Amino acid sequence: VDDYAKNYTTILTKITGYILGKLDPNSVDTIGQRTVIIDKMIKKIGPKNIIEIGAGLSSRSIRFKKIRFRELDLPVFKGKKSNSKFIPFDIEKDELDIDVEEGLFIVEGVTMYLKEKEVKRLLNQIRKYKGYLIIGFFNREYSKKEKGIRERMYRFLFRKMIKKDHLFDFRIENINAGKELLKKMGFKNVK
């Protein structure tokens with residue numbers, strides 16, 4: 001029964017990913033570009049530990065096998081991850097309590113699904129740890145374009161998948177506003 005459930009979940013995940021990718025190919029391109037940039041940063045930093053918040057279906061831990069990973073995301077993703085690195089974590093409810101002294105925190109493609117108070121709460125929790133932070137903000141400057149029917153369908157399906165009603169609530173005005181937010185939250189060496 002367990003193998004059947006895993007296979008069924010894997011097939012559903014792949015179908016959902018395929019449909020979402022067809023509905024909003026720009027998102028797929030953006031994810032691909034982010035992946036390449038972040039992977040290059042990982043190679044440059046060379047961390048011993050990576051904490052991916054909002055890991056979703058990330059395969060980064062497979063590509064960087066010598067780095068110790070903790071993959072955090074909503075409990076709905078637990079069945080979609082077949083490794084022991086997954087930690088159920090809901091930013092709205094849970095406290096970040098990771099057994100790591102220093103690491104690289106990656107918050108990729110997450111803040112757009114949060115409200116401002118949730119983003120600030122998460123940043124406050126990450127700031128307790130030593131290391132690095134790579135975070136992506138949804139930039140208002142690039143998101144003014146009216147969305148078509150395909151993008152609206154994408155948002156609808158994604159909302160249902162993650163069981164959240166708010167999407168794209170938190171946005172920064174531009175890259176400088178994102179840097180200023182991080183500085184105000186107490187982060188050093190913001191680039």
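Some points to look at:
- Derived scalar couplings between HN and Hα for region 94-109 equal 8, 8, 6, 9, 10, 7, 7, 8, 9, x, 9, 8, 10, 10, 10, x Hz in order, rounded to whole Hz, by the Karplus curve 6.51 cos²θ - 1.76 cosθ + 1.60 (θ = phi - 60°), x for Gly and Pro.
- Under-5 Å amide H pairs with residue 103, H placed in peptide plane, nonlocal only: 130, 131, 132
- Long pairs among 128/184; 85/117; 43/191; 120/179; 43/66, criterion Cα-Cα beyond 19 Å: 85/117
Coordinate-derived values only; no laboratory data. Given the structure is predicted, the values throughout are model-derived calculations rather than measurements.
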